[in-house]
Each structure stands twice: as C-alpha cells, then as structure tokens.
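Below is one structure, written out as structure tokens, with a few remarks after it.
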Amino acid sequence: MTNFILKYSEATEPDVKKMTAVLSAHGVRVLDGSLLPTTALVEIEESSLAVIQTDLGTEWNIYPEKNYGIPGTQKKAKRKS
C-alpha cells in the first residue's frame with residue numbers, strides 16, 4: 001500500500017457520498033481527512049489506482065505523496081589542508 005493525495009479540482013462542492021462509496025468499495029484507507037471534503041491523504045494499493053481514478057471521475061486527482069528531506073543545521077568543522 002502506498003500513500004497518495006486525493007484532491008478535488010473543481011470549483012463546486014464535491015459529491016462526498018460518491019467519493020466515500022468509491023473509496024470504501026476499493027478498500028482505500030483515509031490516513032488524514034483534516035482537509036475533507038476537498039483533499040485527503042489516502043492509502044491505496046497501486047494495482048487498483050487506475051480503477052479508482054476511473055470510478056472517481058475527472059474532477060478528482062490522485063497524486064503520489066512526496067517526502068522531502070530537511071537539511072541538517074549542525075555546524076561542521078572545516079579541515080585545514
């Protein structure tokens with residue numbers, strides 16, 4: 001299972017009942033729903049990603065979750081050559 005961001009792309013209100021029905025039918029787990037009904041972090045099996053995207057329609061976009069490394073703030077000693 002991989003984490004994806006589910007985002008609604010239209011200006012109108014999303015059909016939450018349809019979205020939750022599609023997600024539950026495919027066994028998708030919502031990891032963070034704090035921005036629902038327009039955005040959510042979900043856990044999806046990659047093999048069923050295309051089917052879920054088709055069932056949700058063109059108004060929903062699914063993006064892979066990206067992790068960014070934070071640079072270290074520890075000072076490093078310079079070596080004398």
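For segment 30-51, a residue qualifies if it is without any contact (Cβ under 8 Å) to a residue 12 or more places away in the chain and small (Gly, Ala, Ser), and the qualifying residues are Gly33, Ser34, Ser47, Ala50. Taking the criterion of being of a type in the set (Asp, Glu) and over 17 Å from Asn67 (Cα atoms), the residues of segment 1-48 that qualify are Glu10, Glu13, Asp15, Glu45, Glu46.
A short reminder: the numbers here are calculations on the coordinates, not readings from a lab. What you see is a predicted model, and the numbers here were worked out from it, not measured in a lab. Glycine gets a Cβ as well: all are built from the backbone with ideal geometry, and neighbour counts include every protein chain shown.
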